[in-house]
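A quick write-up on the structure given underneath.
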Amino acid sequence: MVENPIKCPVAPLEFIMLADWFFHEHGIRDRVELIYATPLPGAFTKPIASKYLGDILEEKGIQVVPEFLVEHVDPDARRLVHYDETELEYDLLVTVPLNKGDEIVARSGLGDELNYVPVDIHTFLSKEHPNIFALGDTAALPTSKSGSGAHFAWTVSPRTSYATLTAWICWSPTTGTPTASSSPASAKVC
């Protein structure tokens, strides 16, 4: 994993476990070295996941290299280079791209450098435009950028209600222009 945020935090782990399974199925796992390099302190950073899954990669013979901050990739030498100049060699490098918000957020002028709307973590209201509400893949929050993030975020934010909002904004996917509505019921879904 090269950098955060990524679309789904579990995806790199799923991939390396599928690779492990693939090589076992083809009878060559004993000839393949799998390395999981991550900028995080470990493969499983949440306490419950670490407790129950912390040693699963080790049991599978997958090396975990924590806190590996990629400065650059040298494709000619087939090396992944850390900022401290340590290197990992590879034959096949699989990375997960940095996730950015939608380009429409950039064009709207509401987003930050990664095209996310900076919001209050308790209300999900825009810090600069208090009548704009953003969550899920649109909000600049230290959370997963998965689609389910929006579903769970609404349930944990009781301070924000439909009554709080004075305008609902939706961008037309065909024209790229915003439309506004005074209520969620009449706002278009995009």
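The values are calculated or read from the model by the stated rules, or taken from the named source; none is laboratory data. What you see is a predicted model; the values in this text were computed from it and never measured. Virtual Cβ from ideal backbone geometry, glycine too; neighbours counted across all protein chains shown. Please note that ligands, DNA and RNA were not included when accessible areas were found on the heavy atoms of the full protein model with its side chains. Shrake-Rupley method; radii C 1.70, N 1.55, O 1.52, S 1.80 Å.
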Q) Gly27: under 22 Å from Cys8 (Cα atoms) and part of a loop (DSSP other than H, G, I, E, B), yes or no? A) no
Q.
Under 6 Å between Cβ atoms, which residue pairs at least 6 apart in sequence (or on different chains) link something in segment 100-121 that is among the small types (Gly, Ala, Ser) with a partner that is modelled with pLDDT under 85 and in a loop (DSSP other than H, G, I, E, B)?
A. Gly111/Gly101
Q. Has segment 66-81 got any residue that is more than 19 Å from the chain's Cα centre (by Cα), loosely packed, with under 14 Cβ neighbours inside 10 Å, over 29 Å from Ala140 (Cβ atoms) and modelled with pLDDT under 85?
A. no
Q: Evaluate segment 82-101: report whether one residue or more is of a type in the set (Lys, Arg), modelled with pLDDT under 90 and open to solvent by 50 Å² or more (accessible area, probe 1.4 Å).
A: yes
Q: Go through segment 41-65 and give me each residue that's in a loop (DSSP other than H, G, I, E, B), over 23 Å from Phe22 (Cβ atoms) and open to solvent by 50 Å² or more (accessible area, probe 1.4 Å).
A: Pro41, Thr45, Lys46
(Q) Checking the condition of a type in the set (Asp, Glu), closer than 20 Å to Arg79 by Cβ and surrounded by 10 or more Cβ atoms within 10 Å (Cβ to Cβ), which residue from Glu14, Glu33 passes? (A) Glu33
Q) Which condition does Phe23 not pass, out of (1) within 26 Å of Asp137 (Cα to Cα); (2) open to solvent by less than 50 Å² (accessible area, probe 1.4 Å), if it passes all the others? A) (1)
Q) Within segment 113-136, can you find the residues that are farther than 18 Å from Asn4 by Cβ, in a loop (DSSP other than H, G, I, E, B) and open to solvent by 20 Å² or more (accessible area, probe 1.4 Å)? A) Asp120, His122, Thr123, Lys127, Glu128, His129, Pro130, Asn131, Ile132, Leu135
